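Presented below is the structure to which this report refers.
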Amino acid sequence: MSLLDGLVTEASAITEDEMIINIGPQHPSTHGVLHLKVKLQGETILDVEPHLGYIHRSIEKMCEASSYRNFIYLTSRMDYLSAHMNNQACSMAVEMGLQVEVPQRAKVIRILMSELTRLASHTLWWGAMGLDLGAITPFFIGFRDREEIMDIFEETCGARLTMNYNVPGGVMIDLHSNFQKRVKTFLDNFKKHLPEYDELLTGNIIFQNRTKGVGFLSTADAISFGCSGPVARGSGVSCDVRKWYPYDGYEAVEFNECIETSGDCYARYMVRMKEMVESAKILEHWIDQIPEGDFQAKTKNVIKLPKGEFYSRVETARGELGVYIISDGTANPYRIKFRSPNFSNLSALKQMAVGGKIGDLVAIMATLDLVIPDLDR
Amino acid sequence: MIETINPSAPAEIKDFPGEIKQWPGGGFVLSSVDNVINWSRSNSLWPLVFGTSCCAIEMMSAASAKYDWSRFGFEVARASPRQADVIICAGTIVYKMAPVLKRLYDQMADPKYVIATGACTISGGPFFYNSYSVVRGIDHIVPVDVYIPGCPPRPEALLHALITLQKKIMLQSNSAKKEFDIRRS
């Protein structure tokens, strides 16, 4: 038995002029450890089969052994690019069970942090997308802005990536006194830099040729595969949780839901580019309107949820994240299920890729913006 | 009299472990083979692109302009293990991924090094208790040269680990009597 038993498909399953190519689990364009088994005829893709589980860390099972305060910290390791939103979804589910009202200040802090996280995630995606399509400059441009956000996080939360800033009832500590000043500086810089983003990729003819009309996903397919986030919005599905099911003060936030209708890679790209502008607008509006008051509601040291089921959802940078808690009345959850946006988005991959060329697969993977640990959990 | 051949040579040449002597009709170099080999190895470490989870993002940060690991000669990240010198194992390794990591390590050409980035690769980290699928430390699978704690470690920590690895390489012996094996060093 070979070490990689199961990775190679039997030769008998394919005809003479077809071939099977294994992409991953160690491959730069899969953005982690996804394994794609691609059936090719020449360069044309006949079939794509994703294999999962290379980073399955049993987070859901571990949550059952943790208390309601502690399981939140595991979830920043799921979708680490939207760590704040993951924490927020979990906190909201626990707050729902506790019937705790989050103070207004904490809500606004959560909105600001969420939008900063979304910007950080999208700038990284933009850089990685450039890398995937053969351009290295976007990576450095994207990370230049991202590092500024990381510094802001570090000042307030103490961590750059896995922030663990949300606790049931609000946020862990108050904002750093420099927060407003630094966010304003960042926004000024970011607005100056955004035209560079468009110059480098959006208006680039090579980029447009590689993304326009590639990886088409129809509206009906996007709905039936359960896609969410920019992937679904690129196909004309209005699915922004912030608009449809406002949470934590988003009902007061004015922003446009970015929708494109062409359903190809370029549409998904444009959705994210527009989302960055919207996030910057939200930040600009709310940075001067942080209300005074408590940043955390009082909760008991040992949280016990009443018997029942609690579900909360947030819009992460990748789509809708749902947290489903079943409580049996003790200090530990009986069962926790995460509805991760990446898993549903990946399921539409075959629909997008079949019939295209293998080079297009890389572009499609880039616009799906997968985070594999969130997919496998 | 000892002097450099070209006074305007880049500063790196000053770190060269040996003496460059002028001689009528040319110069000659006085050094030991070990030193020269180690010097060239340690200054051109090519990492393998191997990121499984969160630490990979910090590894990308270390490659970005702010931290810029190319200052130390690490920027040639390779996607193929055949061309790489060091695995920066960035992220959790689970049982399904463990044989892949072992195979990648075996495919690399000697001399090869491993850096364990983050708590997960050292001991399982946050997944030490109650997890049924996480390998408790990659030193169960491959020999590790440098460990970096943190969840995830900062890019500066990764740079420090790579510089530590450079120092380690400078100290190793390449003589024929000793079989080259990193596990013994």
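Where a number appears in this text, it was derived from the coordinates with a stated rule and is not lab data. Remember, it's a predicted structure, so these values are computed and weren't measured experimentally. We place every Cβ from the backbone using ideal geometry, glycine too, and count neighbours over all the protein chains shown.
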Exercise for the section: Just give me the residues in segment B:125-137 being in contact (Cβ under 8 Å) with a residue 24 or more places away in the chain and facing chain A (nearest Cβ under 10 Å), in sequence order. Expected result: B:Gly125, B:Pro126, B:Phe127, B:Ser133, B:Val134
Exercise for the section: Select from segment B:12-67 the residues that are facing another protein chain (nearest Cβ under 8 Å) and either farther than 24 Å from B:Leu104 by Cα or basic (Lys, Arg) (or both) and list them in ascending order. Expected result: B:Ser64, B:Ala65, B:Lys66
Completion exercise
Looking across segment B:68-85 at residues that are within 10 Å of another protein chain (Cβ to nearest Cβ) and among the charged types (D, E, K, R), the single one that is farthest from B:Phe16 (Cα to Cα) is B:Arg78
Practice task
Assess whether A:Leu131 counts as being away from chain B (no Cβ under 14 Å) and assigned to a helix (DSSP H, G or I).
Solution key: no
Exercise for the section: For segment A:75-98, state whether one or more residues are in contact with a Cys (Cβ under 7 Å, 6 or more places away or on another chain), at the interface with chain B (Cβ under 9 Å from one of its Cβ atoms) and in a helix (DSSP H, G or I). Expected result: yes
Problem - Restricting segment A:277-296 to residues that are in contact with a Leu (Cβ under 9 Å, 6 or more places away or on another chain) and assigned to a loop (DSSP other than H, G, I, E, B), the residue that is nearest to A:Ala106 (Cα to Cα) - result: A:Phe295
Practice task
Scan the helices (runs of 4 or more DSSP H) fully inside segment A:330-377 and keep the ones with 2 or more residues being surrounded by fewer than 24 Cβ atoms within 10 Å (Cβ to Cβ) and of a type outside the set (Ser, Thr, Tyr).
Solution key: A:341-347, A:349-353, A:358-368
Problem - Residue among B:Ile122, B:Ile115, B:Ile93 that alone is more than 10 Å from chain A (Cβ to nearest Cβ), of a type outside the set (S, T, N, Q) and either in contact with a His (Cβ under 9 Å, 6 or more places away or on another chain) or more than 30 Å from B:Phe16 (Cα to Cα) (or both) - result: B:Ile122
